């Protein structure tokens, strides 16, 4: 996934790069088989990740991405996630922010919804 408004997305299993800036894990669970040292994660704001219930629902209903997106956006609008989104936007205003995920297809996951929310897009 390409860079978007100061944000870029990379798989957490890829080695860190010099231009990553602040490395932020955006998955609710720590990636399997990855040490904290090799991940080189600077921040892990769980408030911006889908809730455990929503994550499990999406795994069971992967064909309902539109509904997942709407539910996740509703979660992101709550005070704690909204504050964490503002913090990430602030970080990205002064340096690159790399969103790290273990998902194989970030374009069809919570990551694309999170990027839209970070940009302030209203489309699901």
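Since every read-out is calculated from the coordinates, none of them should be taken as a lab result. Note that this is a predicted model, so its numbers are computed, not measured. Here the Cβ positions follow ideal geometry from the backbone for every residue, glycine too, while neighbour counts run over all protein chains shown.
The packing ranking of peptides 98-110, 34-46, 71-83, highest mean first, is 98-110, 71-83, 34-46, where packing means the average number of other beta carbon atoms within 10 angstrom of each residue. Taking the square roots of five times each eigenvalue of the Cα gyration tensor of the stretch 59-123, the equivalent ellipsoid has semi-axes of 22, 15, 9 Å, listed largest first.
Per residue of the chain, the DSSP helices (runs of n ≥ 4 H) give a summed -39500 (n - 2.57) that works out to -12000 deg cm²/dmol at 222 nm.
Considering only alpha-carbon pairs that sit under 8 angstrom and 6 or more positions apart, the relative contact order computed for the chain is 41 percent. Under the classification rounded if a/c is under 1.5, otherwise prolate if a/b is larger than b/c and oblate if not, where does the chain fall, given a ≥ b ≥ c as square roots of the Cα gyration tensor eigenvalues? Because a/c hits 1.5 or more and a/b fails to exceed b/c, the chain counts as oblate.
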